[in-house]
Each structure stands twice: as structure tokens, then as C-alpha cells.
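So the structure is just underneath, and the comments pick up after that.
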């Protein structure tokens, strides 16, 4: 484990791998323009064109600035060395364990002034710490995201769901942040399950520092992953860019607790855009930290977000056929076995003394014939007793001495 | 006020009124068969046919049993006298203040063995206590229903909604039961607003007894109404039969707190069947008393139940155009005014010391040209400051001495 994933195949394969590595380092993730270039020319030629100044525009200029005059082969070498030194693996779309699901990100870009909604394309490489194959780990996975300033209620809900999912063999994907993210990761680990933290910075310096023990445990028992090369700082915009990967890696996303402006709502939006299951946990209407969840649950039917209260309900959304959640029911009560007419007749029998069938039928508003057909059966089943030619309520059961 | 609503018109009108009164007393409310008879023959002839034995079947037999050999004119007389003695008004569909909305109940009957889902037709008469016209009172009204065993949370939610609706001039309709019903009525009264309690028993003996002070206040300041004549006992089935009237009188129904098996869910179902607004208040997933609400909110899009957290959101469902609820937003923060590229550039400026534009652009992953176009504006707006030929974070604001 923890070995650098250098393809052992042809020199071409090595060149593609290196080009992906360098592109992922020179260009901020998600870029539509880079995706177009790579689609048109392949990674190796796309990098050559950028490095040789054959491309113009902001993407080429930004990449050139970062390359800073170095040959890109040198940068590739340095990135590979750094990975090896840190015990970090690097995956590219050509790697065997690259999750096919990430390719869905090519469909959700939205035109407009907001680069975060435009530059939503798939990663070019992922840096990994942890002993598992990424594709297998996320095959059955659910993303759980939410507020950093979570409440006791949110902690409880995230723990129940995270533990329950992991306990049933599902991987919990989240962002490694304070609050709901950390609770979800911890709950999955507590269940002895798998969890994946998708970071917005280098996997060698996971943010926030206060989650360091958690990150160490995830690196040992789960997976820490990032699109950004080691050493990258967690700029704010990167969290929003990163969210698309959380949504794309998993079969569905659950929003556990979120204020109106929570960034976690954007992850849920990505899940909807990717046509993955989008779910939210309700909470007290008195809690500011549930307002974001409730707003998501108020979306119109063409933007469905499903309310989930239990692990079973989450699995119903992301699982296969046969994983339908049981509909909650209270305990059965004796009167449930009565149909409405039977119920009405029992109610029409006075609580003290008794009454004749005629009176009972009249009070119940049913025909005498109907009453006479039903009353004896109510006696047989213990709901009434015979009493002086008429009917009465059953005697109370005696307590045992 | 409190006068018996005897039409002052023709003898025909009086005969129709009396026939409705007697039919409403001889036959349990909602009957499909009676609705068919009255539609075919009119109320007067329908009653004659039932009383004269020209009809057969359970309905005729039950009515005959209740008539008990008396002429039906005598029963009408007695019902009118009782109403006068009790200070109760009687309305029929021919009365001026009969709410037209009740007629929608003729559309929701469902074939099958369950009489409660089949006998869902409009009332033939309503008995009223209270100083208001029924039609005006319910014109702008919302039904609020829920658990009898409500929690502190449900009490809070029902109080907020009931008070807020009444405060905005909306009438609160409910069932007068323990729990959420009573809280909703009380909240509306506390706001100085109108409330209507729709009972499943006679308005002279409202159930439950422990709400007697509440019922007295409703009879003085709102309306107590029932389909059943004075003296009728609240048999269990009658609550379910009654629910259709709660849903039909109001523009929409809100389920505030409900266990999985709550009867209040049936009222919400009637609202859906009537194509009125069906709403539910979410709550903690840890509360059994919110399970029913959450199950309603999990319905498929063709059976829509809308999540509501605030009075404004309720009014958006039942109100006219222009009553859209504001979308909750947190407070605006300074960084909100930055677009993603500006944000990324600010983040790329180190927190200590400064950096040149080239370094900032490279770290941010943007072109130098782009950075140089934006950085000065960030300085002007106070997000950065110039620093030794480059840029630095702003100095912390000094506290005033």
C-alpha cells in the first residue's frame, strides 16, 4: 500500500500520467477550458501547447505563471518525488481504480459569470492517502454533509446515519470539515466501516488542524483524497470547487443540518445536477441550523430533494431493488381489528348497563338487520358481552391476585 | 345573534329546511346513498320516501329505526325547539351563509369496503354556536390539526402558526381535541382572531370535557360547529367522518405534529383529495410525534405535501398572488460581495507580510493579467492593502479608545 501508482506500461502511458499530474498542478480543478483542450488534443499535447505558449487566454497565462519557466517534465518529476516521499498515491482517469462516476461531471457545467458553476469538469488527478482502492471504496457510498456549527441534534442525526450506513457496509463520503462532516467520518469509523474525506487542500496538510487525529485515522483506515497537489492551501473557493467531487463520488448526498447559507447546500445541488439521490434530514423549525435543510425540502417536484429520517430511508434512495424502507407504524391496538361499522356499534353500547339491539342500531345510525348480523360476532370476539337480552361492554379484566 | 336560522321565505323553503334537519338527524353524515337520493328527489321527497318505507336497504332501515314510528314533522319540530332552547343556529345548503366550498366533498368518495372513504359526501346541515357568519369566517381560513399527545415542540410550532395566522386575519379551523387542536384554537384566540372548532358530537356537549373553558370561549368569540344534532355522543368513527369537513371548510390543512398512526393524517389526506393545500411541519427525526409529519412529507410528487416552517410559508400555499414567503437568508457577510476570482485572489495573499502580484496570481491559479486587473479594486474596496510594491491583508481595525 501507500505506493505511488506509476503505470508499468508503455512510455506513452507514463507520459499521459505525467501530463495529467502537471495539468492538475498548473490549473485550478474543474476548468472547462482545460477539459476542452484535453478532449481535443489529449493530455500530453494539451500540456505541450500550454507550456509552449501555443494557447492564449487566462488559462494559458495562469498555467505559464505557475510553470514559471521550468520544463514541465521537471515539474512532473518533482510531483512524483513528493508523492513518494509523502507516501501518497496519485490516480488519473487512466488508472485502474479511477471511479467511472467522476466522468458524469462533464454534464453539469452552467454558462454564466459564476466560474464555480461553469468550471465543474472532472478532476485530472487525485492524490490519495489510505490503504484502499478508491473505486471499490466508493462503489456503495453515500455523501453526508452539513453545518460546521452543528447542534447536539445534528450530531445525533449524523451519528445515527453515519454509523448505520457503515454498519450496513456503505462508505461515508464527506469533506473533513468541523461539525457534521467530522461527526459523519467518526461515526463510520466507530462502526468499523469505511470513510472517505475529500479535501480542498493537499492531503499532506489536511484542514482544519483540529481534526488532525481524525485525519490520521482516516488515512489509516479509510481514504484521504484531494484534487490539489500536496502543499496546497485551503482557499475558500476551493471548498466550493471540491464539493462537486463529494457529490460525484457517491450514489447520493444527505444534507444533515445546514443554516440558510450553508455551503453544504451547494454539494446537495451538485448531487441534483448529477441526478444522484439528493436527501435532507429535517429538524425543529425553531433551529436556524435546520433552515437550510427545510429550504431544500421545499423545492419544487422537478428539483426533488427527499426527506430522510432513518438509515433505511437513505438506503431506499441509493440502494438497489429490495432495499425499500419499512413504513413506520405505531403498535397495533385492539380496536384496529374492527371495521368502521363494528366500531360504531361498540361505541353505541352504553358504558354502564346495557342496551337492546334496536337502541344500539339507532344510536349507531345503522339498520337493525345490520346490527343483528354484527353484534353476536362482536360478543364472540370479546368486544361486547350479552346482557339481559341485549348487549353491554365487556367486564374489566381482573388483575391476578 | 344566536338565533335559529329559520328561512322567512315560502312554505317550500321551510319544508326543505325541515327535511334537511331531519335527514341530518336520521342518517349518519357523509352518506353516499342519501346524497344520491336527495340529488334525485330533493330533500323533501327523499325524506318522505325514507319515512314512508318506499326505500329499501340499510340506509332506509337505519333511518326508520331512528324515526321510531314518529311523523317526521314532529321530529323537525323537536329539533327546531331544541336548537332554540340551546341558542344554536342550524344551517343547510340552502342557507345564505352556507360555505360553497363544502360542495367539493361530492368528488372525493372512494369505492371499496371502507365506509369512511366511501361516505364522504357534503353535510345536510350544520349546527352552530357563535356570533359570526360561517361563510365569511372560513373564507380565509387554514385548518391546523395534529397529535393529541403533543410535545413542547409541537405546542410551540402550533402556537406560532395559529397566532401568526390569526394575527394576519386568517381563521384557524381545527377539531377541538386535546393537544395540537386546542393549542391552535387558543393561539388564534390569543391573537384576537377567529377560530372554528368542528366537533364530532353535539355542539351542546362538546368533547373533551377538559376543554370546556376553551369551548365556551370559542362559542363566544369564534364558532363551534357540528354536523350532528345536539345531544349526539362522540363515537370514535365520527371523528374520522368529521375530518372531511375540517379539510373542506378551509383553504388548506397544516399537520403540525403527528405520530405514525395519527388520525390527523386522515384530515391531511382529505385536503389532498379536495386539491386544497396540504402542508406539514417537520420536527426532530428523534421524535415519534413527528414521524407522521415526515411520512407525509415523503409522499411522491403526485401526492404533494408541502413542508412549512413559518406562517409566511403557510400563506404562500393558501394565499393569493403576492403572498410569496421570503426565502430565508443568513446575514450578509463582507466576503459575499466578492466574486469567486476576487475571493481566490484575496485568499492567495499571505496572512503575514505581503506578496507580489505574480506570486498571488500563481497561487490563486489565475493569469497575471487577470490578477493585475482585479487587485487594485480589492485595495480600493478595503479587502487588501498595498504593501512594498505588492499586496497584503488589511490591518485589523483598531478598537476605539
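The values are calculated or read from the model by the stated rules, or taken from the named source; none is laboratory data. Quick caveat: nothing in here was measured; it's all calculated off a predicted structure. Positions of Cβ are generated from backbone atoms using ideal geometry, with glycine treated the same way; all protein chains shown enter the neighbour counts.
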Pairs returned, first residue in region A:147-168 that is without any contact (Cβ under 8 Å) to a residue 60 or more places away in the chain and within 12 Å of chain B (Cβ to nearest Cβ), second residue that is part of a helix (DSSP H, G or I) and surrounded by 20 or more Cβ atoms within 10 Å (Cβ to Cβ), beta-carbon separation under 7 angstrom, 6 or more apart or interchain, are A:155/A:183; A:159/A:183; A:159/A:187
Those residues of region A:152-172 which are surrounded by fewer than 18 Cβ atoms within 10 Å (Cβ to Cβ) and over 13 Å from residue A:182 (Cα atoms) amount to A:152, A:167, A:168, A:169
Query raised in the report: Does region A:352-364 contain at least one residue that is within 14 Å of chain B (Cβ to nearest Cβ), farther than 26 Å from residue B:57 by Cα and loosely packed, with under 15 Cβ neighbours inside 10 Å?
Result: yes
Counting only residues in region A:36-66 that are out of contact with any helix residue (DSSP H, G or I) (no Cβ under 7 Å at 6 or more places or on another chain) and over 20 Å from residue B:369 (Cα atoms), the one nearest to the other protein chains (Cβ to nearest Cβ) is identified as A:36
In the set B:86, B:91, the lone residue that is more than 14 Å from chain A (Cβ to nearest Cβ), in contact (Cβ under 8 Å) with a residue 60 or more places away in the chain and over 26 Å from the mean Cα position of the chain (by Cα) is B:86
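Which helices (runs of 4 or more DSSP H) does region A:65-166 wholly contain that include 3 or more residues that are closer than 30 Å to residue B:343 by Cα? Walk me through it before giving the result.
Working: elements: A:72-86, A:115-118, A:134-139.
Once the helices (runs of 4 or more DSSP H) in region A:65-166 are filtered for at least 3 residues that are closer than 30 Å to residue B:343 by Cα, what remains is A:72-86, A:115-118.
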Every listed condition ((1) out of contact with any strand residue (DSSP E or B) (no Cβ under 9 Å at 6 or more places or on another chain); (2) surrounded by 24 or more Cβ atoms within 10 Å (Cβ to Cβ); (3) under 20 Å from residue A:312 (Cβ atoms)) holds for residue A:244 save (3)
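Only residues that are part of a loop (DSSP other than H, G, I, E, B) and either more than 8 Å from every other protein chain (Cβ to nearest Cβ) or at pLDDT 95 or above (or both): list them for region B:299-318, please. It would help to see each step written out before you state the result.
Applying the first criterion (part of a loop (DSSP other than H, G, I, E, B)) to region B:299-318 yields B:299-305, B:308-310.
Hits for region B:299-318 are B:299, B:300, B:302, B:303, B:305, B:308, B:309, B:310.
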For residue A:246, the lone unmet condition from (1) more than 14 Å from every other protein chain (Cβ to nearest Cβ); (2) assigned to a loop (DSSP other than H, G, I, E, B) is (2)
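Just for region A:285-298: of the residues that are part of a loop (DSSP other than H, G, I, E, B) and out of contact with any strand residue (DSSP E or B) (no Cβ under 8 Å at 6 or more places or on another chain), which one is farthest from the other protein chains (Cβ to nearest Cβ)?
The selected residue is A:287.
Got a sec? Which of A:206, A:282 is within 14 Å of chain B (Cβ to nearest Cβ) and either surrounded by 21 or more Cβ atoms within 10 Å (Cβ to Cβ) or at pLDDT 95 or above (or both)?
Working: A:206 fails: within 14 Å of chain B (Cβ to nearest Cβ).
That would be A:282, the only listed residue that is within 14 Å of chain B (Cβ to nearest Cβ) and either surrounded by 21 or more Cβ atoms within 10 Å (Cβ to Cβ) or at pLDDT 95 or above (or both).
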Residue hits (region A:333-383; at pLDDT below 90, under 10 Å from residue B:237 (Cβ atoms) and in a loop (DSSP other than H, G, I, E, B)) are A:338, A:339
- Message: Kindly evaluate residue B:386 against the criterion of being assigned by TED's automatic domain parsing to the domain that holds residue B:247, at pLDDT 90 or above and not in a loop (DSSP other than H, G, I, E, B).
- Response: no
